[in-house]
Amino acid sequence: MAVDTNPKLIVVADNAALAETAAQRLVDRVMSEDRAAVCLTGGSSPEGLYRLLAREPWRAIVPWDRVHWFIGDDRFVPGSDPLSNMGMARRLFLGSVPAPRQNIHPIATEAKSPDEAARLYEEDLKRFYGADTLDPSFPLFDLVLMGLGSDGHTASLFPHSPALDEKERWVVGVPKAGMEPFVPRVTLTFPVLASTREMLFLVESPEKRAILGRVLSGEALPARRAYSNGELVWLITRDVAPKK
Ligand code: 6PG
């Protein structure tokens, strides 16, 4: 499979349309699989999508018993902390839909350090994948959701961080976050995030217009350095789209 570094842009009217479009793409990706894997993202942009998945008609459409839910990065705080990304996904949908417990794969933020949590999550991912090496023709994920930070970061891959150049490890500890909240993080690295049939960025806040313009014009910010072994799609609302 060729590596996709050239994003396809989908512009929708508003936040509601963004959530609906993302839900449809998610369902399209997982529907035909015997066992599907979705890598979730934190931040506020996916909240509308997560709320939608907990409600009809989506709740009845998603084949919950066949989908596994991972997270692209998390803050090193307990799952019950309001800052926890997986905690947010549980509050908004995973905790109230018929997803089997064993299909939910949180990062072990109760481990003794972010590095230890990263090691454990890498083990979990490798166990699920069934191999220690990624084969581009056999993607780990069916869908990877991503966000865009106002400094151009994505997942917890911040500008100038050594994690950006990681080629071997699937998951790394990030001792210092590049922006708020300033808590240590654990993040998947580019090669493992790329192991997907589709990478889908969600961007919906008008405050992101300037940084999105820089990313789409090709500036080597982390979000632009993300690539996909499958499709690479940026789903954005009209009010964030760069002005023509
Ligand atoms: C995190 C995220 C991060 C997020 C962006 C965008 O843990 O903070 O995973 O990468 O996606 O910061 O966040 P918003 O959607 O809130 O703008």
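Values in this text are rule-based calculations from the coordinates and carry no lab data. These figures come from a predicted structure and were not determined experimentally. Here Cβ is always computed from backbone atoms with ideal geometry, including for glycine, and neighbour counts include all displayed protein chains.
Some notes on this structure:
- Value of D in µm² per second that Stokes-Einstein yields for the stretch 1-86, Kirkwood Rh from Cα pairs, at 37 °C (0.692 mPa s): 225 µm²/s
- Normalised contact order of the stretch 184-244, rounded percent, pairs of Cα under 8 Å and 6 or more residues apart: 50 percent
- Sorting the Cα pairs of the chain by distance into bins of 10 Å, from 0 upward, gives 8, 34, 40, 17, 1 percent per bin.
- Couplings for the stretch 171-186, taken from phi via the Karplus curve 6.51 cos²θ - 1.76 cosθ + 1.60 with θ = phi - 60°, read 9, 9, x, 10, x, 10, 6, x, 8, 4, x, 7, 10, x, 10, 10 Hz in order; Gly and Pro are left as x.
- Between Ile71 and Leu40, the built amide H atoms are under 5 Å apart, and every one of these is 5 or more places off in sequence or on another chain.
- GluC sites (Glu not before Pro) lying in DSSP loop within the stretch 6-75, provided at most 15 other Cβ fall within 10 Å: Glu33
- Inter-part distance where the stretch 101-124 and the stretch 188-232 are each reduced to a Cα centre, Å: 24 Å
- Taking every alpha-carbon pair in the stretch 135-210 and binning the separations at 10 Å intervals from zero gives 18, 47, 31, 4 percent.
- Expected-Rg normalisation [2.2 N^0.38 Å, Cα atoms] applied to the stretch 81-140: 1.31
- The helix-only estimate of mean residue ellipticity at 222 nm for the chain, built from DSSP H runs of length n ≥ 4 each weighted as -39500 (n - 2.57), is -7000 deg cm²/dmol after division by the residue total.
- For the chain, the antiparallel share of DSSP beta bridges with both residues in that region comes to about 30%.
- Of Lys112/Lys167; Lys167/Lys243; Lys112/Lys176; Lys167/Lys208, those spanning more than 27 Å from alpha-carbon to alpha-carbon: Lys167/Lys243; Lys167/Lys208
- Computed with the Debye formula from one identical point scatterer per Cα of the stretch 120-178, without solvent, the log10 of I(q)/I(0) at q = 0.15, 0.16, 0.22, 0.24 Å⁻¹ comes to -0.56, -0.63, -1.05, -1.14.
- The stretch 76-182 shape via C-alpha gyration tensor axes, a/c threshold 1.5: rounded
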